[in-house]
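The next block holds one structure in the form of structure tokens; read it before the comments.
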Amino acid sequence: MEVQRPRYLKRLIDKKDNGRVKIITGIRRCGKSYLLFTLYKKYLLSIGTKEEQIITMALDELRNMQYRNPLTLDAYLRERMQPEQNYYIFIDEIQFVEEVENPYIKNSENKIGFVDLVLGLMKLPNADIYITGSNSKMLSSDVLTQFRDRGDEIRVYPFSFAEFSSCYEGNPRLAFEEYCLYGGMPTVLSRKTPEEKSEYLKNLFQNTYIKDVMERNRIGKEAFILEDLLDVVSSSIGSLTNPRKLENTFQSEKNIKISQLTISTYLDYFIDAFLMEKARRFDVKGKKYISSPYKYYFSDTGLRNARLNFRQNEMTHIMENVIYNELRMRGLNVDVGVVEQNYKNEEGKRARKNLEIDFIVNRGSNKYYIQSALHVDSPEKRAQETASLKQSGDFFRKIVIVKDYILPKHDEDGILYLGVEQFLLDEGAIDL
């Protein structure tokens with residue numbers, strides 16, 4: 001079944017022929033090559049582009065081994081092009097391009113690699129360049145820096161719930177539960193049994209992602225620390241943490257002494273590999289960012305669950321992670337909100353405490369405060385979940401997303417209540 005990915009396809013179409021290299025990034029096995037070689041190519045053909053105007057190169061294929069030399073690949077691509085036509089060049093797995101010596105300068109320390117190749121092709125007036133990559137050399141945010149601000153990143157995530165639902169063959173009422181458990185990696189949908197799904201995810205995590213991170217960052221003897229850290233963070237998605245707290249956790253629970261700097265560095269490795277993201281805290285009333293602690297979310301809940309052998313499936317945190325990912329898939333910036341509340345304690349004295357807003361989202365001139373809650377089926381629970389929203393002191397849109405199937409409704413304070421599935425399936429729901 002061909003799964004449409006309209007968000008990413010639109011972004012590619014919008015950036016078509018803009019004179020910049022399109023860099024398709026994202027966690028491995030999330031569908032980058034499929035997006036480019038199948039969906040986008042089909043679009044180009046549908047608007048009248050001829051087959052010969054689309055030049056593709058898959059560098060992970062044995063028959064294309066010779067083109068891993070950037071000079072050979074450059075010559076091949078230029079030979080395929082005629083000056084009177086426009087061309088769309090797709091290079092898949094570009095990290096396989098090896099660095100080679102400059103044949104014209106002896107003993108040069110500056111080698112020629114894929115960045116030089118792409119920058120050279122970009123100077124051709126009739127070439128539109130698209131590249132993808134899937135290993136540790138490419139799965140890094142610093143690749144954009146290498147193109148000196150002449151590249152546009154299209155970040156691809158695993159399937160959204162809407163994409164997942166479009167090809168889910170089970171009971172529709174169970175789709176969300178399965179999405180939370182096994183996530184949205186495309187290949188998971190082709191696995192029929194729970195055993196096959198979990199085995200695929202566990203193998204993918206260990207043999208692909210962990211291996212990539214270790215190889216890219218040359219981690220040897222301390223590999224066990226990196227893996228232990230990954231377990232700790234996996235167990236605490238949606239919880240506030242920072243390197244100091246994690247340092248104390250290692251010392252008290254594992255009797256391992258590890259510096260905050262090492263912890264911070266290893267967390268950045270996971271982020272650079274697109275395995276997880278970090279959400280910063282924002283003081284709503286003070287209108288400033290708070291340095292720490294942060295929240296960490298996995299790019300796919302199935303991978304997170306597989307890392308923990310499917311033993312910690314707390315829906316509260318998993319649903320929060322799913323909502324965060326959906327907001328990021330929509331191309332939105334997401335922060336964690338903090339609101340200070342003044343109150344009188346049991347002794348009648350004035351006191352202060354911080355309340356948390358799960359997500360602050362900016363979309364153009366609009367701002368949204370979003371709270372994730374499994375249920376608000378009692379006055380006490382509703383008061384608890386909305387306290388931070390009511391303390392914000394402004395009139396931006398406020399939303400509580402619940403797991404229950406409900407009709408969208410506003411309360412007397414103007415707070416919108418939405419079911420999580422409606423939120424995930426309807427981008428306009430937050431503006432009801």
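The values are calculated or read from the model by the stated rules, or taken from the named source; none is laboratory data. Small disclaimer: the values here were computed from a predicted structure and weren't measured. Note: ideal-geometry Cβ built from the backbone for every residue, glycine included; neighbour counts use all protein chains shown. We work out accessible area using only protein heavy atoms, side chains counted, and drop any ligands, DNA or RNA first. Shrake-Rupley method; radii C 1.70, N 1.55, O 1.52, S 1.80 Å.
Provide a single number: the residues in the stretch 256-293 that are open to solvent by 30 Å² or more (accessible area, probe 1.4 Å), among the small types (G, A, S) and assigned to a loop (DSSP other than H, G, I, E, B).
2
Residue by residue, here is whether (1) free of Cβ contacts under 8 Å to residues at least 60 places away in the same chain; (2) touching an Asp or Glu at 6+ places or on another chain (Cβ under 9 Å); (3) β-branched (V, I, T) holds:
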position: L36; (1), (2), (3): no, yes, no
position: Y43; (1), (2), (3): yes, no, no
position: T49; (1), (2), (3): yes, no, yes
position: T56; (1), (2), (3): yes, yes, yes
position: N64; (1), (2), (3): yes, no, no
position: Y76; (1), (2), (3): yes, no, no
position: Y87; (1), (2), (3): yes, yes, no
position: I91; (1), (2), (3): yes, no, yes
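Kindly evaluate R307 against the criterion of being crowded, with 17+ Cβ neighbours inside 10 Å, more than 21 Å from V336 (Cα to Cα), in contact (Cβ under 8 Å) with a residue 24 or more places away in the chain and of a type in the set (D, E, K, R). First the steps, then the outcome.
Values: crowded, with 17+ Cβ neighbours inside 10 Å: yes; more than 21 Å from V336 (Cα to Cα): yes; in contact (Cβ under 8 Å) with a residue 24 or more places away in the chain: yes; of a type in the set (D, E, K, R): yes.
Spelling it out, R307 is indeed crowded, with 17+ Cβ neighbours inside 10 Å, more than 21 Å from V336 (Cα to Cα), in contact (Cβ under 8 Å) with a residue 24 or more places away in the chain and of a type in the set (D, E, K, R).
Filter the stretch 166-218 down to residues that are part of a loop (DSSP other than H, G, I, E, B) and hydrophobic (A, V, I, L, M, F, W, C) and give me whichever is nearest to the chain's Cα centre (by Cα).
At the first step, the residues of the stretch 166-218 found to be part of a loop (DSSP other than H, G, I, E, B) are 167-171, 183-185, 191-193, 218.
Next, from what is left, pick out any that are hydrophobic (A, V, I, L, M, F, W, C): 167, 185.
Details: C167: 21, M185: 12 Å.
Looking at the filtered set, the residue picked out is M185.
Which ones in the stretch 50-92 are of a type in the set (S, T, N, Q), part of a loop (DSSP other than H, G, I, E, B) and farther than 16 Å from Y130 by Cα? Please lay out each step first, then the result.
Step one: of the stretch 50-92, the residues of a type in the set (S, T, N, Q) are 53, 56, 64, 66, 69, 72, 82, 85-86.
Now restrict to residues that are part of a loop (DSSP other than H, G, I, E, B): 69, 82, 85-86.
N69, Q82, Q85 - these are the residues of the stretch 50-92 that are of a type in the set (S, T, N, Q), part of a loop (DSSP other than H, G, I, E, B) and farther than 16 Å from Y130 by Cα.
What tally of residues in the stretch 404-429 results from selecting those that are in contact (Cβ under 8 Å) with a residue 24 or more places away in the chain and touching a Leu at 6+ places or on another chain (Cβ under 7 Å)?
Final tally of qualifying residues: 2.
Is it the case that some residue within the stretch 189-211 is within 30 Å of G337 (Cα to Cα), open to solvent by less than 70 Å² (accessible area, probe 1.4 Å) and free of Cβ contacts under 8 Å to residues at least 60 places away in the same chain? Can you show your working first?
Residues of the stretch 189-211 within 30 Å of G337 (Cα to Cα): none.
Looking for residues that are within 30 Å of G337 (Cα to Cα), open to solvent by less than 70 Å² (accessible area, probe 1.4 Å) and free of Cβ contacts under 8 Å to residues at least 60 places away in the same chain, one finds none in the stretch 189-211, hence no.
Given the criterion closer than 19 Å to D228 by Cβ and hydrophobic (A, V, I, L, M, F, W, C), identify the matching residue among F274, F298. Walk me through how you get there before you give the answer.
Working: F274 fails: closer than 19 Å to D228 by Cβ.
Of F274, F298, the one residue that is closer than 19 Å to D228 by Cβ and hydrophobic (A, V, I, L, M, F, W, C) is F298.
Across the stretch 81-104, what is the number of residues that are open to solvent by less than 90 Å² (accessible area, probe 1.4 Å) and either more than 25 Å from I47 (Cβ to Cβ) or in contact with a strand residue (DSSP E or B) (Cβ under 9 Å, 6 or more places away or on another chain) (or both)?
Going residue by residue through the stretch 81-104, those that are open to solvent by less than 90 Å² (accessible area, probe 1.4 Å) are 81-82, 85-97, 100, 102-103.
Filter once more, so that each one left must be either more than 25 Å from I47 (Cβ to Cβ) or in contact with a strand residue (DSSP E or B) (Cβ under 9 Å, 6 or more places away or on another chain) (or both): 81, 86-97, 100, 102-103.
Final tally of qualifying residues: 16.
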